[in-house]
Amino acid sequence: MSASKYTLTAQELHTLSSKAIAAKAAAYCPYSKFRVGACVLTHSGEYIVGANVENASYPVGTCAERVAFGTAVVAGYHDFKAVAVATDSSPPASPCGMCRQFMNEFTTPSFLIYMYDSEGNYTCKTMRELLPDSFGPEDFPGERVQS
């Protein structure tokens, strides 16, 4: 796969980051007080947001990244270009291990993950960098039923 498939324009990156940062406002995090917003960009140009949703029965809550990807998949999207994750911490926080594995299901090793801090500064890593030596759908040939 060519790297250009994952190159974002300045406008795409601005929109992606703005939506992820804004999504933090929708976070339901009365226990941890750790707001997280996420926005996934599809190859067709759709931006789909998510925020973390906690539950008193910890760890039943759902992370922002899984909310965004789950919403996108349910809406019929399966081809993604990048994701942005925004927190109120500095330096930028990366997705947790569960979210990394979840995103790996729907992305490629060169998929881009932009991580934003409380000041809007960011770092960008690929899926391979965040989840080296991962396993995914390609490790189960012939066993998946595509919906």
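The values are calculated or read from the model by the stated rules, or taken from the named source; none is laboratory data. Note that the structure is a prediction, hence the values are computed from the model and not measured. Methodologically, a virtual Cβ is constructed for each residue, glycine included, from the backbone with ideal geometry; neighbour enumeration extends over all protein chains shown. Please note that ligands, DNA and RNA were not included when accessible areas were found on the heavy atoms of the full protein model with its side chains. Shrake-Rupley method; radii C 1.70, N 1.55, O 1.52, S 1.80 Å.
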Worksheet item: Roughly how many whole Å is it from the C-alpha centroid of the range 19-46 to that of the range 54-101?
Response: 8
Worksheet item: If you put +1 on each Lys and Arg Cβ and -1 on each Asp and Glu Cβ, how big is the dipole of the chain around its Cα centre, in Debye rounded to 20?
Response: 240
Discussion item. If you roll a 1.4 angstrom probe over the protein chains with everything in place, what fraction of the accessible area of the chain belongs to carbon and sulfur, to the nearest %?
Written reply: 56
Response to the item:
Given a 1.4 Å probe, the accessible area of the range 15-147 per residue, as a whole number of Å², is 52
Worksheet, complete the sentence: Here the net charge surrounding SER134, from other residues whose Cβ is less than 14 Å away from its Cβ (Lys, Arg +1; Asp, Glu -1), is -2
Discussion item. So for the range 18-147, averaging the separation of alpha carbon pairs under 8 Å that are six or more residues apart and normalising by length, what relative contact order in percent results?
Written reply: 19
